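Okay, so here's the structure we're looking at.
The values are calculated or read from the model by the stated rules, or taken from the named source; none is laboratory data. Remember, predicted model here, so these are calculated numbers, not experimental data. Cβ placement follows ideal geometry from the backbone for every residue including glycine, while neighbour counts extend to all protein chains displayed. Side chains included, ligands, DNA and RNA excluded: accessible areas come from the protein's heavy atoms. Shrake-Rupley method; radii C 1.70, N 1.55, O 1.52, S 1.80 Å.
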Amino acid sequence: MSLKSERRAIHVDQSELLCKKGCGYYGNPAWQGFCSKCWREEYQKARQKQIQEDWELAERLQREEEEAYASSQGAQGGQTSLGFTKFEEKKSNEKARKVTTVKKFFTASSKSVPKKDMKEAKAPSPSLTRQYSIETDRVSKDFIEFLKTYHKAGHDVYKQCKVFLETIHHKKESNIDELSEFTQDFYQNTADKLQMYWKVPPNKVEEAMDQIEKFIMTRLYKHVFCPETTDDEKKDLTVQKRIRALHWVTPQMLCVPVNEDIPEVSDMVVKAITDIIEMDSKRIPRDKLACITGCSKQIFNAIRITKNEPASADDFLPTLIYIVLKANPPRLQSNIQYITRFCNPSRLMTGEDGYYFTNLCCAIAFIEKLDAQSLNLSEEEFSRYMSGQASPKKQDTDIWDADTCPGVKQMHRNLDLLSQLSERQERIVTGAKKLEKDLIDWTEEVTRDVQDIVEKYPLHIKANSQALASIDSENVEDDRLPPPLQPQVYAG
């Protein structure tokens, strides 16, 4: 089997990582292959179309009601005014219900805070005046100190952030996608104001947006990370179960160009696993992205040292899949969704963070769809490995290099021995179950034969006509016992 054929199953062309609309930014499976900007444009078009269709439906239903009312008036000219009043009341209620339903679509797409909400936002919210954690207080103090360098612009940014948090508090019952869209609009509007209205240099704008994201997401984390209204937790369990079932996948199956026998490479693999696991402990989307980037850089370094040449994209993705399988990161899908929904979109669309994040999404999608053909296995082998009936054959100890660590050799010998013992145990258990079944069948067969013989030849016991006397009875005449033996004396 050639190396090329092995790689073909997990090869992803770099053009597939880009937005399918051709804008040049990185796409994302969560956005159906679009980048953040194009996805929002498509989403707005689809929603406007839905709103238009709902308006047309409401107008059509209203016309049908008016026609029905007119026909009923013609047929029942003598109907009382009380019946007409009830009909008008019912018609008004139905019309109000339809208008309210249609207005919900406009409320969800609103990009600005209504004046009424702005007035209510001025009043302090009990949820925002509670005692924050030490980390939250520290982030707040750091944010205020950072904004002092921006003078008037910093003061306005802080006010905008407070209004945003208050508005989110009033919208906390809204759908998570609506909160995500509202947050993305806030990022975009704030960045535009910093650059155009407050004349902040572009490099300072990026720095300010990082601090703004850190400030607001530290407070919103527990409300918007893996909310109960979504199926994120269910997806987490599905992916975790899937990765556990694939524990037997070896680097050779994925054609991973990493030699873990090299101590330096082994340390990098451990660091990469640590980084991807540590992602779940971070609150801020940017920090979670930093963990993904750190993991990816460790992978590139491990490949470079192993091959003694720069790593390629075809080397990186299989190795990333292998790292994810070994790490089985907690709440993987929840973290991916959280980053997608609430990270500054510019980070996901461009730069190394966006590239590594897109590759991680591709790796997860590959793991979810992994099959026998992807690993160049037969369907029978894949099924046996997935069910745990067998495991891939370990490397033969005869082909180890001379400088291979003795502990590694001993470990593989022990694994081979355990595999053989497991097979022997399975055979013994199978034989014991068969023997138990044979014993049960033999017992049942003997029981049936005895019953058949008893039924065919029944045993009849006749009673004795003369009763036997008891040995202890005093009636010696009827006993007919011999006389007692008399002792005999012999002359010596």
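The table for this structure:
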| item | result |
| --- | --- |
| The stretch 185-225 shape via C-alpha gyration tensor axes, a/c threshold 1.5 | prolate |
| Under 19 Å from the Ile134 label point (7 Å along Cα→beta-carbon), backbone N, the stretch 199-230 | 218-219 |
| Under 13 Å, Cβ to Cβ, from Ser378 - net charge with Lys/Arg +1 and Asp/Glu -1 | -3 |
| Unsatisfied cross-links (Cα-Cα over 25 Å) in the set Lys20/Lys234; Lys222/Lys369; Lys141/Lys222; Lys193/Lys214; Lys171/Lys199; Lys171/Lys204 | Lys20/Lys234; Lys222/Lys369; Lys171/Lys199; Lys171/Lys204 |
| For the stretch 147-225, projected area of the alpha-carbon convex hull averaged over all directions, nm² | 5.0 nm² |
| Alpha-carbon gyration tensor eigenvalues x 5, square-rooted, for the stretch 313-454, Å | 51, 26, 13 |
| Placed amide H near Phe34: partners under 5 Å, 5+ positions off or other chain | Lys20, Asn28 |
| Around Arg331: net Lys/Arg minus Asp/Glu count, Cβ-Cβ under 10 Å | -3 |
| Modelled FRET efficiency - R0 22 Å, Gln195 with Lys171, Cβ distances, 0.05 increments | 0.25 |
| Probe 1.4 Å, accessible area per residue of the stretch 304-366, Å² | 29 Å² |
| Net +/- balance of residues flanking Thr443 in space, Cβ distance below 12 Å, scoring K and R +1, D and E -1 | -4 |
| Three-way shape call for the stretch 315-361 based on the alpha-carbon gyration tensor, with the a/c threshold at 1.5 | oblate |
| Carbon and sulfur %, accessible surface of the stretch 181-312 computed with the full protein complex present, 1.4 Å | 51 percent |
| Residue-span extension gain [Glu368 to Gln410] - 0.36 nm each, minus C-alpha spacing | 11.7 nm |
| Cα gyration tensor, the stretch 188-261 - rounded (a/c under 1.5), prolate or oblate | oblate |
| Computed FRET value (nearest 0.05) for Gln389 with Glu178, which takes r as the C-beta separation and R₀ as 56 Å | 0.70 |
| Fully extended contour minus Cα-Cα distance, from Asp210 to Glu426, at 0.36 nm per residue | 72.0 nm |
| Separation of the Thr230 and Asp185 label points, Cα + 7 Å toward Cβ, nm | 1.9 nm |
